[in-house]
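The values are calculated or read from the model by the stated rules, or taken from the named source; none is laboratory data. Not measured: the values here are computed from a predicted model. Here the Cβ positions follow ideal geometry from the backbone for every residue, glycine too, while neighbour counts run over all protein chains shown. Heavy atoms of the whole protein, side chains included, go into the accessibility calculation; ligands, DNA and RNA do not. Shrake-Rupley method; radii C 1.70, N 1.55, O 1.52, S 1.80 Å.
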Amino acid sequence: MSVPLRVLIADDELLARKRLTRLLAALPDTQVCGEASDTEGVLAAVRAGGVDVVLLDIHMPGLSGLDALALLPEGGHRVILCTAHAEHAVQAFEHGAVDYVLKPVEPARLQKALERARARAPVAPPSVSGPPKLSPAPARSLGRLPIPTRQGIVLVDPEAISHAALEDELVTVFTTQGDFLTDFTLNELVEKLPSEHFHRVHRRALLNLTHVARLEPLDTGGYLARTLRGHAVEVSRQSARELRRMLGLRRGVEEEG
């Protein structure tokens, strides 16, 4: 039997907390370790310890759930955001949540989110009394990006990555070796990949400029970047300005073409 996940339920609505309590009681290896009705209670409970997962409602009195997520101390807890609106999903992942569930929460979807949270459990520090353990080297020192898949961990050369895109709930990394789903957030990929080639060109996309074959202007002021493999990656208006500066382009030149 696995060690139970200790779940803190954070929602300002009593009925919502009761529903989540019932759903969690029916799931294996899960236990409710507390409840909070506002963000202050969430912060206090997490700082006190004993919390593995926070089921955090986005709409809370005072600070929002996203605000609370930014204030939570670093540690072993993972956060699953609860929301009635799917458009909040992007914000959830960008703020470091491991997943999000839509209200009214469905049992199967909740279980999937908790499984993802369990898979993202932090590595325990080595025991003082035991022999020293080697810490995994960061991806940059290996020159490869490790991407866990069902068939094993694929070690991808950053130069082979054309782009990464947030699609639905997960990020897909597109490479010359194939395309891989990953639990990495776009923010995490930005930190792991060489900044001289990889640029966050949209809130949902990271682009390797060495794989871009063509930039097609859009009416919004942005671009549609066409990769060498034929993929289309949207570049926001703000990122398009930065690309023009990097490439030494003037806005009028591309409008005349």
Item to complete: Return yes when VAL42 is touching a Gly at 6+ places or on another chain (Cβ under 8 Å), buried (at least 21 other Cβ atoms within 10 Å of the Cβ), farther than 20 Å from ARG109 by Cβ and in the same structural domain as ARG109 (by the TED database) and no when it is not.
Response: no
Item to complete: Considering every residue within the stretch 250-257, establish whether at least one is in a strand (DSSP E or B) and either over 17 Å from PRO146 (Cβ atoms) or not acidic (Asp, Glu) (or both).
Response: no
Worksheet item: If you check ILE161 against the conditions, is it open to solvent by 30 Å² or more (accessible area, probe 1.4 Å) and of a type outside the set (D, E, K, R)?
Response: no
Item to complete: Can you run down the residue pairs with Cβ atoms below 6 Å, 6 or more apart or on separate chains, where the first is in the stretch 226-251 and free of Cβ contacts under 8 Å to residues at least 24 places away in the same chain and the partner is open to solvent by 80 Å² or more (accessible area, probe 1.4 Å) and of a type in the set (Ser, Thr, Tyr)?
Response: ARG237/THR220
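Take the stretch 229-243 and flag every residue that is in a strand (DSSP E or B), buried (at least 16 other Cβ atoms within 10 Å of the Cβ) and of a type in the set (A, V, I, L, M, F, W, C).
Selection gives VAL233, VAL235.
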Worksheet item: Say we look at the stretch 90-104 and pick out the residues that are aliphatic (A, V, I, L, M) and surrounded by fewer than 19 Cβ atoms within 10 Å (Cβ to Cβ); which of these is modelled with the lowest pLDDT?
Response: VAL90
Discussion item. I'm told HIS199 meets every condition in (1) surrounded by 12 or more Cβ atoms within 10 Å (Cβ to Cβ); (2) at pLDDT below 90; (3) more than 30 Å from LEU114 (Cβ to Cβ) except one. Can you identify the failing condition by its number?
Written reply: (2)
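Select, from LEU63, LEU24, LEU69, LEU20, the only residue that is surrounded by 16 or more Cβ atoms within 10 Å (Cβ to Cβ), at pLDDT below 85 and farther than 21 Å from ASP183 by Cβ.
Details: LEU24 fails: at pLDDT below 85; LEU69 fails: farther than 21 Å from ASP183 by Cβ; LEU20 fails: at pLDDT below 85.
Selected residue: LEU63, the only one of LEU63, LEU24, LEU69, LEU20 that is surrounded by 16 or more Cβ atoms within 10 Å (Cβ to Cβ), at pLDDT below 85 and farther than 21 Å from ASP183 by Cβ.
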